[in-house]
Structures are given as C-alpha cells and as structure tokens.
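Read the structure below first, then the notes.
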Amino acid sequence: MERILIIEDEESILMALADDLSLEGYEVTSARDGLKGLEMAKEKGHDLIILDIMLPKMDGFEVCKQLRQAGVGTPILMLTAKSQEIDKVLGLELGADDYVTKPFSPRELLARVKAILRRVKGTHAEMDVYRFGDVEIDFKKYEVKKKEQPVYLTSLEFSLIGFLIKHQDQVVDRSTILDGVWGREVYVLPKTVDTHVGHLRKKIEDDPANPRHIIGVRGIGYKFTA
C-alpha cells in the first residue's frame, strides 16, 4: 500500500483529500503546519507528499527547499493558488514534481497522484544505469552524477530524461512527451514540458543555453542525443 503525506492547514481541504485518497486505497498521514510536515516528510516510507504553499510556521516553498537540500527524493505535488504562475515556477525550481491549482476537483488531483506514482514505478522498471558524456544516471537508486559530483533530479525529471533516452535520436513532439511522462488522463499545458526541460538542462548540460544532449526542435519538441 502506497503512503501519502498531506501537509495542509485548511481542515476542509485536508479532510476531503484524506477521505478521497483513503477510498482509493492509499495510506494517508497528515500535518497541519510546515514544521511538523517537514519533520514527518524526512521520515522514510512516504511514496508521495502533497504540499500546500500557504502554511503556518513554515511555508511550502521552504519545506520543499529543505527536503531537497536534505536529499529527500520523495515526489512532491504542490497545491498552488489560482492564477499564481510565479508560485508554480518557484515550486518547480525548488524541486517540486508537479502542481495542482486551487480550487481543484478530486478527479484531477487523483489523476495527478496516480500519474506521479506510476512514473516512479515505470522509471524503476524500465532502466538501470545509463551514461552519456560526463553524466551517469542510476534509475534504480535515483542517483545522478555529473563529473563524479552528485546532481539532484526530481522523480519527474528522472522520468522525463528516461523517456527522452528511450527515444534517443528521435524528435519527440510535446504531446507525445506529455502522454508518456505525465499520462493521458492528466491535463498539462505543453509549455510545462519546456519548463521541465529547462530545469533538466541546467542540471546536466555544460552550457544549458547551448545544449548538446537535449536538443530543441522549433515548433515540434525535443531530441536526446548522447
């Protein structure tokens, strides 16, 4: 049974999420403030963290930042305010895997949860270790090294690079990437692919502005080359 930690201070939202996820067969734990959530999230055994941004004691951005700095690789699904694009961008920059905008439907959130958990399982199942240039990716251990130095990737970034590697030297359009990485049942804007590719390039390319491995093809999508 997969375990999900919800860090949310609004009781109505927290209870609704906990009920919906429990009915789907997930084991749910929760925290009502950022400090407690951070403490619980550092404990091993969670498969996913649902993290609100506006929290007492410590906001969601800081929780996310501290978790990633501590080497906690558990996927994080952030809950953001409506139309706050800067919240989404900052959350992804700090290491969140995906986001859902409030107000959201239970169906949408469950679809995102299932997509993230499926990505993690799929990445583990399909690949072991892959090397290109001065980068080594261990998909089983969720570890990346560049020039022998550790590099942190989110679970979504692992899935994205894994998908591109699987289609090595092929031009893959954004819609195909969305279906393969996010899933057909999840609605995500095509520009989200560009955002995550940008983050990935910063981590694995020597010169992200002039990438050698993740090549953009104008008007279509991307191509990975070793």
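In table form, for the structure just shown:
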| quantity | calculated |
| --- | --- |
| Choice from GLY180, GLY45, GLY25 showing the highest fluctuation, given a GNM over the chain with Cα pairs closer than 10 Å | GLY25 |
| ALA209-GLU11 FRET efficiency (beta carbon distance; Förster radius 45 Å; 0.05 resolution) | 0.45 |
| Loop GluC sites (Glu not before Pro), the range 133-226 (other Cβ atoms within 10 Å of the site Cβ: 10 or fewer; DSSP) | GLU148 |
| Rounded if a/c under 1.5, otherwise prolate or oblate - the range 3-119, Cα gyration tensor axes | rounded |
| DSSP beta bridges in the chain [antiparallel fraction, %, rounded to 5] | 50 |
| The range 174-226: chymotrypsin sites (Phe, Trp or Tyr not before Pro) in DSSP loop, at most 14 other beta carbons within 10 Å | TYR187 |
| Quotient of C-alpha Rg and 2.2 N^0.38 Å, computed over the chain | 0.99 |
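Taken together, the values in this text are just the output of simple stated rules run on the coordinates, not laboratory data. Everything quoted here is computed from the prediction, not taken from an experiment. So basically every Cβ, Gly included, is an ideal-geometry build from the backbone, and we count neighbours across all protein chains shown.
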